[in-house]
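Colleague: Okay, here's the structure, questions in a sec.
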Amino acid sequence: MIRSDSVNGVVRRGHLGRIARFRAKWRGKRDGERGVPRIPVRYFEGRRGAPPELFEPPHPDELPLPAYVMEVRTTARRAMEQMRSSMIGQEHALISKLRAESVRVVTQYDVREDPRPAALARYGQWVGQWRTTVDRCRSHAQAVADQANQQLACYWDAVRATHPQFIRLAGRPPGDWLPGRVELDPSWCRPDVWLLADDEGAGTATSRALQILERQNTHRVDGRSTR
């Protein structure tokens, strides 16, 4: 299991170091002076005589991503994928236990139609353990994404300061303007998907057992709210 102290260490290292910050700014300055990336022509069409304040920053999705941005994104994604693979490998015993217990839960509730709340509660504890483990690993992954985005922010600051086309634009782009932003895969917020041997909608025993558990938890909450 991933320890909380190791997670805290990653979070503390989430800030960008001086060397990485310098490198990002240097690359941004070099690319900016070379006119990289090119801003789409339509942002300037028919505006030659217009004052600079009429020029709006291009949408992040409409800019071709420079090599440096792709490098940062690829490195971050590889690191996050390695974290996920390592976690799944470390928790192989728990995953195997959950899948085996899923078969028993489905058999008891769907086939025999003989609910066993105590067994389901034990199953729920294991599911909770799995989700907690993923939450801890997600802290690692988010720290990687945050650091990568700091690199990109430094890079784009330098690009805007030296790029001949960006200089013509009015003011600074919005605060959330960051082409190539690194984000966690949506599955990080849906860790139960990783428990499924097949596709989520394939109707595996694990997916069905999770549905039974969720239904039981919902009924328990509804019962408390009506008291």
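The values are calculated or read from the model by the stated rules, or taken from the named source; none is laboratory data. Nothing here was measured: the structure is a model prediction, and the numbers come from that model. Cβ atoms come from the backbone with ideal geometry, glycine included; neighbour counts cover every protein chain shown. For the accessible areas, the whole protein counts, side chains as well, though only heavy atoms, and no ligand, DNA or RNA atoms are used. Shrake-Rupley method; radii C 1.70, N 1.55, O 1.52, S 1.80 Å.
Colleague: Which percent of the accessible heavy-atom area of the stretch 56-179 goes to carbon and sulfur, probe 1.4 angstrom?
Modeller: Values: 3160 of 6210 Å².
So the carbon and sulfur contribution to the accessible surface is 51 percent.
Colleague: Next question, about the same structure. Can you run phi through the Karplus equation (6.51, -1.76, 1.60; θ = phi - 60°) for the stretch 151-167 and list ³J(HN,Hα) in whole Hz, with x for Gly and Pro?
Modeller: 4, 5, 5, 5, 4, 5, 4, 5, 4, 5, 6, 10, 6, x, 7, 5, 4
Colleague: On to the next question. What does the accessible area per residue of the stretch 100-175 come to in Å², with a 1.4 Å probe and no ligands, DNA or RNA counted? Intermediate values should be presented prior to the final figure.
Modeller: Details: 3630 Å² over 76 residues.
Accessible area per residue: 48 Å².
Colleague: Could I ask something else about it? Using a 1.4 Å probe and ignoring any ligands, DNA or RNA, find the accessible area of Asp61 and quote it in Å² to the nearest 10.
Modeller: 130
Colleague: Using a simple spin-label model with points 7 Å from Cα along the Cα→Cβ vector, what separation in nm is obtained for Asp176 and Arg99?
Modeller: About 3.9 nm, to one decimal.
Colleague: Now, a different point. Compute, for Trp26, the solvent-accessible surface of its heavy atoms (probe 1.4 Å) with the complete set of protein chains present, and express it in square angstrom to the nearest 10.
Modeller: Its accessible surface works out to 130 Å², give or take rounding.
Colleague: Rolling a 1.4 angstrom probe over the protein chains, ignoring ligands and nucleic acids, what is the accessible area of Leu63 in square angstrom, nearest 10?
Modeller: 10
Colleague: If you rank Thr74, Thr162 by how much accessible surface each has, with a 1.4 Å probe, what is the order from largest down? Let's see the in-between values first.
Modeller: Working: Thr74 65, Thr162 35 Å².
Result, largest first: Thr74, Thr162.
Colleague: If you don't mind, another one. What shape does the stretch 90-141 take by its C-alpha gyration tensor, where a ≥ b ≥ c are the square roots of the eigenvalues and a/c under 1.5 counts as rounded, a/b above b/c as prolate, and the rest as oblate?
Modeller: Numbers: a/c = 3.61, a/b = 2.42, b/c = 1.49.
Cα axes put the stretch 90-141 in the prolate bin.
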